[in-house]
Amino acid sequence: MNELVDKIKLIFRDPQLKRKTLFTLFIFFVFRVFAFLPIPAIDLPKLKELFSQNQFLSLLDIFSGGTLVNFSVMALGLNPYINASIIIQLLTAILPQLEKLSKEGEYGRHKINQYTRFLTAPLTLVQAVGIFVLLKNQKIIGTLAPLEFFSFIFTMVAGTYILVWFGELVSEFGLGNGISLLIFAGIVGRIPVVLGKTFAVFNQELIFNVLIFIILAMIVIGAIVFVNEAVRRIPVYYAKRIRGNRVYQGATNYLPLKLNQAGVIPIIFAVSFVLFPQLLGNFMQYVKNPLIAKSAALLIRLFNPSGFFYNFFYFILVIGFTYFYTVIVFNPQKIADEVQKHGGFIPGIRPGPATKQYLEKILYRITSVGAIFLGLIAILPAIVSKITSIQDLVIGGTGILIVVSVILETFKMIEAQLVMKSYDKFIK
């Protein structure tokens, strides 16, 4: 605890870090203000009643940071932008033009971000219209004149783009990844509400279950920290080198391979995919065609958040996205070429293709462990509800994973900047 207090003091002593911290907190404050600015024409009491009766909508609200249950101007949250990011990353792995662009440094990243923002617009429009149809069928919103309808849709699209802009501002002027931090802020903002709902149903018979839940929560947080920090260190030896008249001594270094290379990205991607079928089912269930209505009912039943098929599909998606994202962020061929170029080698492994194959083998083994762990964390709410009979705590392992991972990454970034500042004294 004293160490944490000391770090906070160091942050506020450094002018640059202090400015970044205050800017990030200011964006969080503005985001939470927007979360309570409702769009007109919505019957909020009816909307909150609908959310209290629907576990799927409650789960969706957690990841929107409460903007959906209040139906604020940011009701759609970052979902359309995340969906656009998934599509662009999948296309990057398929299309040679996008793959080439992704390797062009800052310019390539800027262009891909631009394409992501362009793709966000039609996705936001489709989701906004879908939400309107759902609310109209539930009699939460009345019939709107054409101008009122366009105003309603435009407000939702604008809200998503404002949130994306906030994320980019935090990435540029604040602490860490802006999109992850805004998702973190939304989840943290909803924790008191979720806990309040849970404690409201507690009685004497559930005391034992509550104790089990608290113990499980502590174990999960400890496991997340352990997996996030776990690293497989591969030794790399460098032979003596002669350059000009100088002889450089050989050295030993380590290539760190993280157990969880992909971080929270697979969970965020998988949530966006796994929520889509039930969202589609909710939209289609009021269609007059009997076949479509029956298909919608089947989708809603199959993808019930407490059901087996939903959790199995979620588990598989998390594992798949973990492998996919790890392949994107870690390139064994590039690492093997860099090690060979600098005169290094892994003991017992020949430089070149053999090193690449060895790295791939190690990477796939540790990624399997990391992927299964992430998958289990994702379906933790269903497991906990079966053990403890607590149904209202929908935040589950996914929310805990995002919160803990974002805190760890942010503190690492702050620590790196503090260390860099301490080295600056010796340079001057």
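Using only alpha carbons, region 95-144 has a radius of gyration to Kirkwood radius ratio (Rg to Rh) of 1.34. The GluC sites (Glu not before Pro) of region 77-125 meeting both criteria, a DSSP state outside H, G, I, E and B (loop) and at most 12 other C-beta atoms within 10 angstrom of the site's C-beta, are E104. Here each label is just a point 7 Å from Cα along the line to Cβ, and for L298 and E168 those points are 4.2 nm apart.
Loop-located chymotrypsin sites (Phe, Trp or Tyr not before Pro) in region 76-147 (DSSP state other than H, G, I, E, B) with a sparse environment of at most 12 neighbouring Cβ atoms within 10 Å are absent. Computed from the Cβ-Cβ distance with R0 of 41 Å, the FRET efficiency linking L144 to V329 stands at 0.35. Entry for region 276-328 at q = 0.14, 0.16 Å⁻¹: log10 I(q)/I(0) = -0.46, -0.55, Debye formula applied to identical alpha-carbon scatterers, no solvent contribution.
Spin-label model, Q114/L408: points 7 Å from Cα along the beta carbon direction are separated by 3.6 nm.
Values quoted throughout were computed directly from the atomic coordinates according to the rules given, and no laboratory measurement underlies them. Keep in mind that this is a model prediction, so the values were computed, not measured. So basically every Cβ, Gly included, is an ideal-geometry build from the backbone, and we count neighbours across all protein chains shown.
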